[in-house]
1. For Ser151 and Ala193 in the same chain, what is the full-extension length gain: residue separation times 0.36 nm, less their Cα-Cα distance, in nm?
2. Could you work out how much longer the chain between Ser218 and Lys61 gets when fully extended? Use 0.36 nm per residue separation minus the Cα distance between them, nm to one decimal.
3. Could you give the length gained on full extension between Arg140 and Ala51, defined as 0.36 nm per residue of separation minus the Cα-Cα distance, in nm?
4. At a Förster distance of 22 Å, what's the computed FRET efficiency of Glu31 paired with Lys176, Cβ-Cβ distance as r, to 0.05?
5. Put a dot 7 Å past each Cα toward the Cβ at Val95 and Asn40; how far apart are the dots in nm?
Amino acid sequence: MFRRCLTLLTIMLVAFAGTACREARMAAPVELVAAIPAWNVEQTMVAGWDAPFTFGPYTVKQIRRGWTKSNAWGFMGYESYQAGQSYEYLLDTGVAGKSWHCNCAVNVRQKVLEGMVGEGKLTWEVGAGQSLACSLRPPRDKPWRLALAASGASNAPMQGVLEGPGLTVRVRGTDKLEGTTIPLSEPVGYVFAVMGAMDGTVGAVQVINNGVLWLPDSPQQPALAAAAAALLLYQDISRKP
């Protein structure tokens, strides 16, 4: 898996002479950074789109373009040929028998996104930007569904929802970098926040450079990890023809 490398020098127009370059980092929610250790994405020695990678106790493997089964989507009769691109992967949680099987599609239609997560949860029209839909399936349980879209400009960060049994999580893309007020011209990461009475930030993922995750220990952590893996892989596949 390739990762886009950026330094602060890339986005700064003026820098002090003699100041060393440092790797650009997402401006992650301060409450997460202060409370939990970050997980760096660790690449394998093998390079390429389908190379496994790890973060924390999780391993993302069996990464493939396209879907190996035509019924992989599992709802709405949706098939991969309706998408601009599609990919699948397995999220190994480190516990035997607890792996997640995940399928994603890029550039899907508005009605598909709305149908995935129910009415009223995706309240803006898909504009010139990207869209992403994923089915994230744990063993012996109902799938979680990730539905994201960007409205307006083609490089606007995507936003949307991650929905699972009894829980809806807001997903918001950000172009803000740590240490500067200058936004990047592309998303640098995504923030997860719980919708409803217990509103609050529950995780974040940086998708530039090698990738970084902040995922507190919770029953929803595997679902957030599966969604974060989808976003890390999306950043790669969107750069390929």
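Every read-out reported here was derived from the displayed coordinates using simple, explicitly stated rules and does not represent laboratory data. Keep in mind that what you see is a predicted model, and the values were worked out from it rather than measured. In this analysis, Cβ positions are derived from the backbone assuming ideal geometry, glycine residues included, and neighbour counts consider all displayed protein chains.
1. Working: separation 42, 0.36 × 42 = 15.12 nm, distance 1.99 nm.
Between Ser151 and Ala193, full extension yields an extra 13.1 nm.
2. Gain on extension, Ser218 to Lys61, equals 54.2 nm.
3. Length difference between fully extended and current span is 29.3 nm.
4. 0.90
5. It is 2.8 nm.
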